[in-house]
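Enquirer: First the structure, which I've put down as structure tokens, then a few questions once you've had a look.
The values are calculated or read from the model by the stated rules, or taken from the named source; none is laboratory data. Note that the coordinates shown come from a computational prediction; the quantities given were computed from them, not determined experimentally. Positions of Cβ are generated from backbone atoms using ideal geometry, with glycine treated the same way; all protein chains shown enter the neighbour counts.
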Amino acid sequence: MNAQSSDLSRVTECDPTRVLIVDSHTIVREGVSVLLGVEDHLAVIGHAATVGECLRDAQTLSPDLIITEIDVGGPGNVEELRRAFPTSLVLVLSLLDSEEAIRAALAAGAHGYVLKESGRKELLGAIRAVLSGSRFLCERASARIVSRFLDDGSGTRAAATPSPITRSEREILAMVARGMSNKHIARLRERSVRTIEKQRAMLMRKLGLRNAADLTRFALEYGLIQRDQADPSAQASGG
């Protein structure tokens, strides 16, 4: 495995987040290393082509965050990394954009999923979100997961919901989670406050949620908003 000695010296000086990159393609490993290397709060401590290379050096590595691809045959590499580095966060950077691949990675223990077609801004946003304790799905991955829920109610919460939420309800949910009042939402959507109140109440009944804090947690869990967009008071009241 290729260790980054210059980055290790930075860890001692300012204690940035220690990042390990695992990808079978050299250009991806080196490219992500360069991209993250200019961020003062991140230190790439090494990169490897396979999980096996990481396991050989597991005793000397202590990454805070592991960025890895997902195997075409399944998320076995994610499971191995989680076992070898149980305290490390795992962010998948993958070419695979199918719902099955995304769900499998999350089920295997990944804390976030970003496609390789994503830009620098989205990758850095994913890293910030994961480090803050939020599960992250890039925009396209989130759309894959949520679209199934929107279309036929067969998402993770399907058993608890009598019917799928509509696109309009999804938009209202995101607005509530951002801390917008019914009056504000009504003005933006050019509807009466009473109409918004009814839609919001119906949405909460469908999802089995009780208050704005529950709506905020739901929106965060399904990637409808990012943690830095969420209403702080709702997060605080939700514990």
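Enquirer: Within the stretch 164-186, identify whether any single residue is under 23 Å from Ser98 (Cβ atoms) and modelled with pLDDT under 65, and answer yes or no.
Expert: Yes, some residue in the stretch 164-186 is under 23 Å from Ser98 (Cβ atoms) and modelled with pLDDT under 65.
Enquirer: Among Val114, Val78, Val51, which is the only one that is closer than 17 Å to Thr17 by Cβ, outside the structural domain of Leu173 (by TED's automatic domain parsing) and of a type in the set (Val, Ile, Thr)?
Expert: The conditions single out Val114.
Enquirer: I'd like the residue in the stretch 126-141 that is out of contact with any strand residue (DSSP E or B) (no Cβ under 7 Å at 6 or more places or on another chain) and surrounded by fewer than 18 Cβ atoms within 10 Å (Cβ to Cβ) and, out of all such residues, is modelled with the lowest pLDDT.
Expert: My answer is Glu139.
Enquirer: Output the number of the condition that Leu123 fails; it satisfies all remaining conditions of (1) touching a Ser or Thr at 6+ places or on another chain (Cβ under 9 Å); (2) buried (at least 16 other Cβ atoms within 10 Å of the Cβ).
Expert: (1)
Enquirer: Moving to a separate point now. State all residues of the stretch 64-117 that are hydroxyl-bearing (Ser, Thr, Tyr) and surrounded by 18 or more Cβ atoms within 10 Å (Cβ to Cβ); if no residue qualifies, say none.
Expert: Selection gives Thr68, Ser88, Ser94, Tyr113.
Enquirer: Quick one: which strands (runs of 3 or more DSSP E) sit completely within the stretch 38-140 and have at least 2 residues that are touching a residue at least 40 places away in the same chain (Cβ under 8 Å)?
Expert: Answer list for the stretch 38-140: 42-48, 65-68, 89-94.
Residue-wise test of (1) assigned by TED's automatic domain parsing to the domain that holds Arg135; (2) loosely packed, with under 14 Cβ neighbours inside 10 Å; (3) polar (S, T, N, Q).
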position: Arg178; (1), (2), (3): no, no, no
position: Asn182; (1), (2), (3): no, no, yes
position: Arg189; (1), (2), (3): no, no, no
position: Ser192; (1), (2), (3): no, yes, yes
position: Met202; (1), (2), (3): no, no, no
position: Arg205; (1), (2), (3): no, yes, no
position: Leu209; (1), (2), (3): no, no, no
